[in-house]
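The values are calculated or read from the model by the stated rules, or taken from the named source; none is laboratory data. Keep in mind it's a predicted model, so treat the numbers as computed, not measured. All Cβ positions, even for glycine, are placed from backbone atoms using ideal geometry, and neighbour counts span all protein chains on display. Only protein heavy atoms, including side chains, enter the accessible area calculation; ligands, DNA and RNA are left aside. Shrake-Rupley method; radii C 1.70, N 1.55, O 1.52, S 1.80 Å.
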Amino acid sequence: MEGNDCSTKQKEEVLLSMERALADVEMLCAAYPDEVTRDDQYAIDAAANDDGDACFLKFTLKFSDHAKCQLQIMWKENYPVSTNVQIASYRCSSSPFEKSCMEAAISALRTTAQECLEHGVEGCFSCASAAFQAWHDAQQESPPFDESSLLEAQHEPSSSPQLSAESSKKQGSAMSQHCFDWYTGEPVVVQKSTFVGHVCHIDSAAQVPSALEQLISGNSKLQRATHNMSAYRVQEANGIWKSDNDEDGEHGAGKQLSHLLEMRNENQVLVVVSRWFGGILLGPRRFAYITNCARNSLEEYHQQQQQHGRRGQHPSTTAK
């Protein structure tokens, strides 16, 4: 008798979770009537499943005539706490540009799905909205990366990028009084994707926003990079260690950069890795390229500092 009660309660919870998910999907379809299609043939009546663990609904996002992404939801009795939106499949044309747009959309979708899962909220509308926005933003990206332009900007007479008059006004007098000495490494090209590392000295975590603003505002190529991932690690004047990262849409990259700084025992350092997607998906290997790019730039930065007798000891000579 007790077992029947548990089974009935479980089915009720599955049906409740299904109602929540269906309401989320209906809101999504209402918001994007031309871009979202429900694949109702994949919906399975939860009440017909004794285990309450095999209920699916699939729907398709249409980004263009050739680019589509099929998503699925798997209901369990505690949806959306233990499971959320998953990617069933996606496809696009062979165009490198469209592939880069799809990669941006997929990355945004996965990041949003993880956030929804962590907060225990329905993810259909949020994930689809994030994917459509990322696709739209990627469509506004610049033409393929021009390495010569970046190198020209890198080797300008000034050791740091010059701020425009407008951006200088926005940053105020404090920013105008502090010019960050950025080191930029050589571009690394892997299957048409380009990675470039940048490193500068910081005295405190409070300087990070200004340093990043100076770097990116002074170079139009960096502004149009697919990702500008960053991390910093610094011991403040009061002896407290501070560190953080910004993944800039590349989920997982910021954490790897932070881990690299910690393993190298870096101090008073801000590192940025810029990536321009070249149309070929690199998969998990891209994280190795990002980390190696950052590591090489850090090594070259410290060598340069030591040669010129500047601040910024090599981490191997500092104590934790």
- Count of the stretch 234-264 residues which are of a type outside the set (A, V, I, L, M, F, W, C), open to solvent by 70 Å² or more (accessible area, probe 1.4 Å), without any contact (Cβ under 8 Å) to a residue 60 or more places away in the chain and not in a strand (DSSP E or B): 5
- Could you please give the count of residues in the stretch 265-283 that are free of Cβ contacts under 8 Å to residues at least 12 places away in the same chain and in contact with a helix residue (DSSP H, G or I) (Cβ under 6 Å, 6 or more places away or on another chain)? 0
- Message: I'd like the full set of residues that are buried (at least 19 other Cβ atoms within 10 Å of the Cβ) and not polar (S, T, N, Q), limited to the stretch 182-201.
- Response: 182, 183, 185, 195, 196, 197, 198, 199, 200, 201
- Message: Tell me yes or no: at least one residue of the stretch 218-233 is at pLDDT 95 or above, over 15 Å from the mean Cα position of the chain (by Cα) and buried (at least 21 other Cβ atoms within 10 Å of the Cβ).
- Response: yes
- Item | Residues (in a loop (DSSP other than H, G, I, E, B) and open to solvent by 10 Å² or more (accessible area, probe 1.4 Å)) located in the stretch 266-309 | 267, 268, 277, 278, 280, 281, 283, 284, 308, 309
- Residue that is surrounded by 13 or more Cβ atoms within 10 Å (Cβ to Cβ), over 26 Å from residue 288 (Cα atoms) and either in contact with a Leu (Cβ under 9 Å, 6 or more places away or on another chain) or modelled with pLDDT of 80 or more (or both), where the choices are 126, 168, 107: 126
